[in-house]
1. Give me the pairs, please: first residue somewhere in region 76-91 and assigned by TED's automatic domain parsing to the domain that holds residue 400, second residue anywhere and surrounded by fewer than 16 Cβ atoms within 10 Å (Cβ to Cβ), beta-carbon distance under 6 Å, and either six or more positions apart or on two chains.
2. Pick out the one residue from 284, 255, 236 that is modelled with pLDDT under 95 and in contact with a helix residue (DSSP H, G or I) (Cβ under 9 Å, 6 or more places away or on another chain).
3. If a residue has to be surrounded by fewer than 19 Cβ atoms within 10 Å (Cβ to Cβ) and either at positive phi or in contact with a helix residue (DSSP H, G or I) (Cβ under 8 Å, 6 or more places away or on another chain) (or both) to count, how many in region 299-313 make the cut?
4. Got at least one residue in region 342-351 being assigned to a loop (DSSP other than H, G, I, E, B), surrounded by 18 or more Cβ atoms within 10 Å (Cβ to Cβ) and in the same structural domain as residue 288 (by TED's automatic domain parsing)?
5. Would you check which residues across region 121-158 are in contact (Cβ under 8 Å) with a residue 40 or more places away in the chain, surrounded by fewer than 24 Cβ atoms within 10 Å (Cβ to Cβ) and assigned to a helix (DSSP H, G or I) and list them?
6. When residues of region 50-68 are filtered for being in contact (Cβ under 8 Å) with a residue 60 or more places away in the chain, part of a helix (DSSP H, G or I) and more than 14 Å from residue 150 (Cβ to Cβ), how many remain?
7. Tell me yes or no: at least one residue of region 237-259 is more than 26 Å from residue 353 (Cα to Cα) and either in a strand (DSSP E or B) or in the same structural domain as residue 189 (by TED's automatic domain parsing) (or both).
C-alpha cells in the first residue's frame, strides 16, 4: 500500500519530468549557476543546519566514519558549488542524435538521447549528495525524488529548499527536485515500489541498504556505493610509489567507498616492504589486521591477526587488512572473489603484469600505479556524480550526466507499411 504522501510526490515528479523534457538548456544552466552562487552566499546557514545533525549524531554515538561523511565544511560546500558550475558548462546530452540511417523503403531512423524520466535516489549520511544528485538530474532533464538518511535530515532539508527556491526563480519547473522530509523508514519500503512514477532507483549506501532495495524494489535498480577496494603490490613495485599510494588510498578520507580496505603484497618482497609500510600506517593511525604469514614478518604487538571476515570487509574507517600472495594471478583471483567490483589498483613496473591485472580484474575502475581515491565523478570531470555503479547495466563506474539518459528511436516515413 502506497501512502498518499509518497504517491503525491510521485505524481508531482511525473508532471515535472514532462516539463523538463522540453526545458531550454539555457534555463537549466542558468538555474545551476544561480544555485552554485547561492550555496556560497548561504555557507554559514548551511553549516548551522549541518551542525545540528553533527551534534545529534555525536549523541547517538555515530562512528568517526559516519560523522566524517556527514560533515559539511567550507571546502565541501565550495566543492558542491564548483560541481554545479562544471555541470552547467557541460554540453547538454538531451536531444543528441547518436546515429541515423535510411531504411531501404525510404524511412529515416534516428537514435536520440532522452532523459530516464523520474529518478529515485536513496542515500546515507552524505548531504552533499543532495546537491550533486539534483544538479546532475536537472542537467539531464530528469525529475528526482531524494530520500536521505535521518541523521542528515536538517542538512538535506536546507539544501533541498535552497536548490528548489533558487531553481524555480531561474525557471525550473516546480517539484523537479523533491526530498522526503519524513524520516519514517517505512516510507523507503513504499518508495521502492513506486514503479508507476519512478523510472530508476539509485541507492547510495552500504550493503544493508542495497540488499533491502534489491530484495524489495519493483523498479529497475542501479547498484552503487559499496566499495571493498584493494591495492596489489607486485614484485617489481617501486617503494617510492608504494608508500604514498597506500597511505593516500587508505587515510585521505577513509569513510569513502573508494578508499582501500585490503592490501595484497607479493610474497617475494614482503620482507623488504612490510616493516616500513607497517610503520607508516601505524604512525598514520591505521589499525592493521595481517594474515599469519605477514604477522610473522613484522612481529609487532600493535598489529592484529586477521580473521576470514576481515578479507572482504568494508570498514569505511581507519582499519586495513593485509595478505601475502604468490603472484599476480593469485592477486587477481583474490580480488575478483572478495571485491565489490568498485576500484582496485596494482603497483608494478612490469608491463605484462600491469596489462594482465587491468584486463582481468572485473571492477568498474582499475588503476595502475595510482590511488583508488580518484574513483569520483568530480575527478573524472563529471562535476559530481549520482553514484559509482558497481554493476554492468546500464551504467558502470562514476555516473555523470550521460549515464542518466536513455535512448529512443525516431522513425520518419511517408506512408510506408510492412509487407
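1. Matching pairs, first to second residue: 81/40.
2. Working: 284 fails: modelled with pLDDT under 95; 236 fails: modelled with pLDDT under 95.
Every option except 255 fails the conditions.
3. 5
4. yes
5. Within region 121-158, 128, 151, 153, 154, 157, 158 meet the criteria.
6. Taking region 50-68 as the starting set, the residues that turn out to be in contact (Cβ under 8 Å) with a residue 60 or more places away in the chain are 50, 52-53, 56-57, 60, 62-66, 68.
Now narrow it down to the ones that are part of a helix (DSSP H, G or I): 50, 52-53, 56-57, 64-66, 68.
Checking which are more than 14 Å from residue 150 (Cβ to Cβ) leaves us with 50, 64-65, 68.
Counting residues in region 50-68 that are in contact (Cβ under 8 Å) with a residue 60 or more places away in the chain, part of a helix (DSSP H, G or I) and more than 14 Å from residue 150 (Cβ to Cβ) gives 4.
7. no
Table: residues versus (1) closer than 20 Å to residue 254 by Cα; (2) surrounded by 14 or more Cβ atoms within 10 Å (Cβ to Cβ); (3) in contact with a strand residue (DSSP E or B) (Cβ under 6 Å, 6 or more places away or on another chain).
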{"position": "49", "(1), (2), (3)": "no, yes, no"}
{"position": "59", "(1), (2), (3)": "no, no, no"}
{"position": "66", "(1), (2), (3)": "yes, yes, no"}
{"position": "73", "(1), (2), (3)": "yes, no, no"}
{"position": "76", "(1), (2), (3)": "yes, yes, no"}
{"position": "83", "(1), (2), (3)": "no, yes, no"}
{"position": "98", "(1), (2), (3)": "no, no, yes"}
{"position": "106", "(1), (2), (3)": "no, no, no"}
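The values are calculated or read from the model by the stated rules, or taken from the named source; none is laboratory data. Keep in mind that this is a model prediction, so the values were computed, not measured. Every residue, glycine among them, receives a Cβ derived from its backbone with ideal geometry; neighbour counts consider all protein chains shown.
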